[in-house]
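In what follows, a single structure is set out as structure tokens and then discussed.
The numbers here are math on the coordinates, done by the rules we state, and not lab data. If you're wondering where the values come from, they're calculated on a predicted model, not measured in any experiment. Backbone-built Cβ (ideal geometry, glycine too); neighbour counts: all protein chains shown.
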Amino acid sequence: MQGSTAKTILICEDDDNLRQLIRVVIGAGYRIVEAGDGDEALALASEHRPDLIVLDLMMPGMSGFDVLRHLRGDVSVDGTPIVVMSAWPNAQEAALEAGADRYIQKPFEPDHLTEIVESLLAGADE
Amino acid sequence: MKSWSLSARIIAASVVLAVLVAGVFAVLIYAVVTLDNAREREAATKDVRTALVGLEKLVIDLETGLRGVVLTGNPRFLQPASAARREVPRRARELERLVADSPIQQQRVRALRVAINDYVDDYLVPIVTLAQENLAAVRQTLAAEEAKRRTDDIRRSFNELQSTEEGRAAASAASATTQSRRAIVLGVAGLVACALLIVLFGLYLARSTAHPVREAATAATRLAEGDLSVRLSERGPGEVGELTAAFNHMAEELERHQRELQSQNEKLRESERRKSELVHIVSHELRTPLASILGFTSVLLNRDAEPEEQRRYLEIIDREGRRLSDLLNDFLDAERLEEGHLILAPELIDVARVVAEQVRLFEGQSEKHTLDMVLPPTPLNVHGDANRLAQVVGNLLSNAIKYSPEGGTVHVVAEQENGVVRVSVRDEGLGIAEDQQERVFVKFFRGDAPASGIPGTGLGLTIARSVVEAHGGSMNFKSDSGEGSVFWLELPTAAAG
């Protein structure tokens, strides 16, 4: 338990710039864990038990869908809210079906992401 | 006379039938005419017989008159003889007319007339004259041979005429019977032959016309129902053969057109599918840098940040903006290559320097990859467009990194041998499946990359190879799935200037 108030957010995004952007947008007040691909994301998820996961779909190696399936099959992180972000058109339905809680289309409005993250974390508290 | 047309065959058969029917009728008409002639002949014989009997009666009248006068001495008895004497020439002429068709009979009639005349002139008249003077002497004479001889001659003539005439009538009747029988046999045989021929002709027409026409109709129906493989036998005579040949030609053409349409359709569908895939790729490839640009711009505009951070964000915006610009240039390049409008600005350049610069640019981009570069001590001079060749080398490096997601070493070698400058880039990545290798340089082809989540447009290698080829060089690769790939380009060396 590193600081009982700070919630942990796992960001899984292969594009360095976007990963940095997401971190900046979500902002201070959270403990951010970053992964550049699917394998890393799964390892970090089981290690850190994040309160929320922001996941890109299109990544080299294991895709975001594979990561989603693994996360949803893992009892320890099964209930963790997952926000899927993708630049692919028409990926929303598939992502929600695969177990995502929310879907954000890239490019995205930073405030929109902030709102979603806050509402999901607030909902998870109740 | 190779092969008769169907109409020629039908006309020929009709002519044969018509000739046969006409022949049969001619034979039958001939039989009727023959019978008619025989009946006429019989009638004529009857007339001749009647005339002969009439003439014979006159002769008997003459004889009887003569006997009466001689026996009684009474000239009254001579009256019928006188009438007969007047009558004889007329009757004889009539008889002569009746036998006009037979010269022998005519001659006989004439001889008979002469004999009767002689009998009258040389015997009857002198006897009658004598009887008025010396009846007794006459009576003696009458009994003599002379009288019997004369009347016997006349009678024999009558008999000859009679029997000849009967013979003629019998011969004519017999010949008429034979001929009419023969005609009836011929006629019946002809009619049977006609009937058989008509039936055969009908069968032939049915077989050679109706049957193929029905087959053609059935085939046309099947064709209309979509079975384009249907064909007819082309062995029919004349026009039927032409019809079936034309039908088959039509079916072949239809089938060919349909095949063409299907293949065009498939091409269209494939191009449609690729276009929609392209739209996906483009939108993804554009949205990723756009997301950074818009996102950081929004952060800069709406949130507070340290000047140092601001600068870092602006650098990202700048870099991603350039990435977008490069992407658009790739699309434009692909378009230009398609139209053959690639413009080069060639100068004498050192390929080793171009390679070194690109390797330096990519070195910092990936933490997982090590770039290992081997360059010769001397410059690798070629005539070429430095920017374009840098784009090519950059593409090979970018691919080597992208397609080895697990990381590893990328080996870059630039060398010169036998007047050829060669640059090769080898990775330890995914490699290319054998069945996809021949399409590696095809525009927009990305193999398994989209499924593996590797971004890209499928344009890089297409452009790279075109650029190298525009320099008079060549580009190729070797790859084993799962063991990585090596891509190389070869350019003609330029003399050092």
At a threshold of 8 angstrom on Cα-Cα distance, excluding pairs fewer than six apart, so keeping six or more, what relative contact order does chain B reach in percent? 11
Can you spot the aspartates and glutamates whose alpha carbon is less than 16 Å from B:Lys267's alpha carbon? Ignore those fewer than 8 places along the same chain. B:Glu277
Going from the fewest other Cβ atoms within 10 Å to the most, one would list B:Ser474, A:Ser86 as B:Ser474, A:Ser86
Between B:Asn74 and B:Asn302, what is the spin-label point distance in nm, taking each point 7 Å from the Cα along the Cα→C-beta axis? 18.2
Within the under-13-Å Cβ sphere about B:Pro379, not counting B:Pro379, Lys/Arg +1 and Asp/Glu -1 give a net charge of -1
Using the Cα atoms as the points, what is the convex hull volume per residue of chain B in Å³? 322
Between B:Arg336 and A:Glu97, how many nm apart are label points set 7 Å from Cα along the C-beta direction? 4.3
Of all C-alpha pairs within the stretch B:346-497, those more than 24 angstrom apart amount in percent to 29
So between B:Arg231 and B:Ala173, what do we pick up on full extension, going 0.36 nm a residue minus the alpha carbon distance? 14.1 nm
Among A:Gly64, A:Ile82, A:Thr5, pick out the residue whose Cα is farthest towards the positive end of the charge dipole of chain A, where Lys and Arg carry +1 and Asp and Glu carry -1 on C-beta, about the Cα centre. A:Thr5
Aspartates and glutamates whose Cα lies under 14 Å from that of B:Lys57, excluding same-chain neighbours fewer than 8 positions away: B:Glu87
Taking 0.36 nm per residue of separation and subtracting the Cα-Cα distance, what length does fully extending B:Val192 through B:His249 add? 16.1 nm
What is the ratio of the Cα radius of gyration of the protein assembly as shown to 2.2 N^0.38 Å, with N the residue count, to two decimals? 2.62
Charge-dipole axis of the stretch B:167-287 as Lys and Arg at +1 and Asp and Glu at -1 on Cβ define it, positive-most pick from B:Ala220, B:Leu191, B:Gly241: B:Leu191
So if R0 is 25 Å, what FRET efficiency would B:Ala83 and B:Thr164 give, r being the distance between their Cβ atoms, rounded to the nearest 0.05? 0.30
Can you give me the orientation-averaged projected area of the convex hull built on the Cα atoms of the stretch B:22-166, in nm²? 9.3
Not counting the cut sites, what is the longest span of chain B without trypsin sites (Lys or Arg not before Pro) that DSSP labels loop and that have at most 16 other Cβ atoms within 10 Å? B:3-230
For chain A, inverting the pair-averaged 1/r of distinct alpha-carbon atoms gives a Kirkwood value in Å of 14.3
For every other residue with a beta carbon closer than 12 angstrom to the beta carbon of B:Gln436, add +1 if it is Lys or Arg and -1 if Asp or Glu, then tell me the sum. -2
Using the Cα atoms as the points, what is the convex hull volume per residue of the stretch B:287-431 in Å³? 166
Give the Rg/Rh ratio for the stretch A:80-126, taking Rg as the radius of gyration of the Cα atoms and Rh as the Kirkwood radius, to two decimals. 0.98
Pop a pseudo-label 7 angstrom from the Cα along the beta-carbon direction at both B:Val213 and B:Arg273 and give the gap in nm to one decimal. 5.0
Using the count of nearby Cβ atoms within 10 Å as a rough guide to exposure, how do B:Ile154, A:Ile82 rank from fewest to most? B:Ile154, A:Ile82
Rounded to 0.05, the calculated FRET efficiency for the beta carbons of B:Glu415 and B:Gln310 at R₀ = 30 Å is 0.05
Once a ≥ b ≥ c are taken as the square roots of the eigenvalues of the Cα gyration tensor of the stretch B:261-362, is the result rounded (a/c under 1.5), prolate (a/b larger than b/c) or oblate (a/b not larger than b/c)? oblate
Charge tally for neighbours of B:Asp333 with beta carbon under 14 Å away, counting Lys, Arg as +1 and Asp, Glu as -1, is -3
